[in-house]
1. Return the inverse of the average 1/r over all pairs of distinct C-alpha atoms in chain B, which is the Kirkwood hydrodynamic radius, in Å to one decimal.
2. Using only Cα atoms, tell me the angle between helix B:217-244 and the longest principal axis of chain B; keep it within 0 to 90° and round to the nearest 10.
3. Provide the FRET efficiency to the nearest 0.05 for the residue A:399-residue A:378 pair, computing r from the beta carbons and using R0 = 35 Å.
4. Of A:397, A:435, A:342, which is farthest on the positive side of the dipole of region A:341-466, counting Cα position, with +1 on Lys and Arg Cβ, -1 on Asp and Glu Cβ, and the Cα centre as origin?
5. With only Lys, Arg, Asp and Glu charged, each at its Cβ (+1 for the first two, -1 for the last two), find how big the charge dipole of the protein assembly as shown is about the Cα centre; round to the nearest 20 debye.
6. List, in order, the whole-Hz ³J(HN,Hα) value for each residue of region A:446-456 obtained from phi through the Karplus relation with A = 6.51, B = -1.76, C = 1.60 and θ = phi - 60°; use x for Gly and Pro.
7. Under 5 Å between amide H atoms, partner at least 5 residues away or on a different chain: which partners does residue B:421 have, H built in plane at 1.01 Å?
8. Over region B:360-474, what relative contact order in percent results from Cα pairs under 8 Å that are six or more residues apart?
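We did not get these values from a lab; they are worked out from the coordinates using the rules stated. Nothing here was measured: the structure is a model prediction, and the numbers come from that model. Glycine gets a Cβ as well: all are built from the backbone with ideal geometry, and neighbour counts include every protein chain shown.
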Amino acid sequence: MSDLMSGLAKIIRHEWRMLRADRTAWVVLVLFALIIEGAIFNVSATLREKQEAERQAIRDEAEKFRRFHAEAEEIEQQAALRGQPPPQFQAEAKYWDKPGPRDSIFVGAWNAPRIVPPPSPFTVFAVGQCDLFPSSYKVGIDGKMEWQSRGRVLQRLDNPLLLKAGRFDLEFVILYLYPMLILAISFNLMSGEKEGRTLGLLLAQPVSLRALVIGKVACRALLVFGCVSGLSLSGFLLSGTDFGGGAVRVSLWLVAVIVYGGFWFALAVVANAIGRSSAANALALAVAWLAFLFVIPSAISFATTSAYSVPPRIEYLNAARKIEDDVRRERKALIAQYLKEHPELSRWGWTLDNLGVGYPHVPEAMPEKVEFLEMIRRLQPVIARYEGPLAKQQALADRCRFLSPAVLMQDVLYDLAGTGRARHEHFLRQANAFNEEWNIFFDVKPFRREMVSAADYAVFPRFIYREESPGDVAGRTIVPLSALTLLPLALGWLGLRAYRRFPLAG
Amino acid sequence: MRLVCLKIARKEFIEVARDGRFRWAFGAIFTLLAASLLMGWRHYAEVNRQIEAARAEQRELWLNTPDRNPHSAAHHGLYVFKPVMPLSAVDNGIDSYSGVSFLLDAHDQNLSQHKPVEDTTAIQRFSETTAATTLQILIPLLIVLLTFPSFAGEREQGTLRLLLSLGVRRRDLAFGKGLGAAGPILLLLIPATVIGVLAMRLATTTEGTPRGWEMSWARLSAMVLGYLVYFTIFAGVSLMVSARAATARMALVTLLAFWFINCLVAPRVMADAARHAVRLPATSEFLQRIDEDKKQVPPDWQERITAQLMAQYGVRKVEDLPVDPLGAHLIEGDKIDSAIYEKNFNQLFSAYERQERIYQAGGAFAPMLAMQTLSTGLAGTDLNQLRHFTHAVGEYRKQWLKVLNEDIFFNRRPGQMVYTRGRDLWEQVPEMKYDPPGLVWVLSRYQLSIGLLAGWGLLVVIATPLALAKVKVD
């Protein structure tokens, strides 16, 4: 064993000397270093802007409610100074009577908070899909936030042309360029020695063919992995990326980069084992690169969208509109039903005559609430027509991803970066829970003929985003990461076995 | 044409036809191109059908709006949908990344909503399978693989010296080699174009294709011409590199690097350069700007309108007015709001255009960027035509609000508590008619792309014979 190790060490030292003398390899590495740093700095600048925008949005919301709180206190203090109780709920108030910070519709509906999906601090790994999701969601009574209509879901204003072009980020460098770098320095691993007629000389030394292959790959792998890891980590530090204790994610990212690179090295080993010329190896590896990064992902994408097509949102819009009109026509019957199901309302003095009083009185919001509840109920099958196929697409894509290491790697990168659909759905689950909490807090007030008191401002539901735990992320990445680890091992083993029949001459 | 050129071309063609690897590559790319064209056609026909159905349904829904106050009906809103052009089957451009619907609302004007890309899985971030991607990315790769050994390979095998010793002129050799490479590519493109055109003819003769949205032969011809120039650029560059490179391997590496930078790196780098050079406002910032503009309107504008009306009709009390001042407020208010939105939307789209110009300028070193932007323009799936449609939506919104607000102005009594209207008023709102811009309008928006493509084409046409005249023999 120690002989083998010392033999390998000698080969690695020899390869290192050879590579050191190859000026082209160094030019390529320097270029690659610049590209990595450029990609990191490019995204970290955008990330800082997004983080600042999110902080500003939170500050603006807090400031708005601080202002309302102060105004509510002022109203209550003025009433106390006059020796009167604070203004009471006015069922007959018209909505243009300038409702203020003590009216639940004004605070809870018109000025409901807007929630901004927090940018992931790990965006620098991959911008992913985060630039496609909406920029904010307004709390409202119309059901799940992602299905809200009427401008509550604010789209990003990004230029669609540039969105389509994508980002020059670390994901692009790792997925596309990094395999190219590996293939560029290893396509002639053995064929180069054979063509240079040095293979025979090398094998005349006390070294086996397989040890020679392993040594050559190990030297290149150490160089490439060392450079990519070192450059990326220094890039993260220099660009001021704050991972806030994300050691697990950074470690998993490093592992993913190493095993993904391992796959391409293993592929080069296999290509060289066939024993054809360097030019033939280069062509075969270029075709493999094209297949794994273009053809297979496109085929998977085509298969998933063809098998389970998601209907366009225009159908949803019309369905929602139709339901809205139907429900509006049925308002009276719906309110009667609601009163029947909620006997407590009569205790607070509501009847079919005064609850359904409608426009232009403030309690309009109450029958609207009843309407919305019915709308949400009727919309469920329509929404299912969208969410169902998308979930099936994702499931099919998850099964097909094992066909390409690039697709597996993309999955891992998006999960570690927190810029894929999984983290966005994690955010939406919390946002929807908050939405419900908020609505429960405010909706009951007009039904109870209550106003929002200054003291209420201290106990409002507050949205605090809880980041996914490293355990959850690691759990999601375990399958693709394991597959990515097994692939190079299996391929490398096959490649090394194939060297048994390697033609040393001719 | 000299006979020797044809002979060389024939020999090159036979060599490619006999090479199993290329037969596979051709088969794969042809299948991909034909499949993407057919898929594009199917997608176009389906989207067109859905949009037409949704448009008709939306009209029905509008006409069947329950009786309500016209202003309340305006708040209820109306959706309009952007139609698609037949050439979107070839190049879907930004369609997946821009919204498909526009909500018309009182007081507020909206940008397009509901991007199809939001309802997709992450795998679609790799690349979309469209005819445009095949034409812009894969065919250039095929050209590179076909032409890289043209001179370098002959030189390595020692046949170049032999050929020249037979008295073959370098120019004829180059022309023959170029023709030999063009033959297989045309063999790929001609049937694909025929399939595409037939598919599109079929799609656009289906019932429900809106007026002005039929197949445009002028746009198709311009697109075909553009792609031919694009392929010529790749063929020319490949021949030049092959003539100058020391070895076939060096020629291949150089050309693959050019292809990689052109097709994969340049779009991302130029997109990020455009993002950094022209900063767009965040959505909240954009809406805040609109709110700020609204706050600039004098607070007493409604009182002034009422006073003007009272003076005009010579009455002392609002109740005595024969028209409703609320209607006048709505008419004037919507005019003010529309102007504010128009100003802000124009600023936003101007910023998009500045970004797009930077992106197009990347065509100076990566011809794909010039071809890509021109192709989306001709397919009607670009930013300029999105802006054109957004503007048309804004104009239609004004027309829609005018009908509703004028009804209140003329027919509601001042202070009347309950005022509702029904279908007879909703029918007075015309359907939105939209004519897409013509070819000249589109081409005028892509002068930079056209110029850069033409520049590349001219450079290749001039430089290729010069480079080939100095082809290395040893």
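1. Details: mean 1/r = 0.0385 Å⁻¹.
Here the Kirkwood hydrodynamic radius works out to 26.0 Å.
2. Once rounded, one gets 40 degrees.
3. Working: r = 34 Å, r/R0 = 0.96.
Efficiency at R0 = 35 Å is approximately 0.55.
4. Going by the Cα projections, it comes out as A:397.
5. Values: 110 positive and 96 negative charges, 903 e Å.
The dipole magnitude comes to about 4340 debye.
6. Whole-Hz 3J(HN,Hα) from phi for region A:446-456: x, 4, 8, 6, 10, 10, 7, 8, 4, 5, 4.
7. So residue B:421 has HN proximity to B:68, B:69.
8. Values: 63 pairs, mean separation 51.6, N = 115.
Relative contact order for region B:360-474 comes out at 45 percent.
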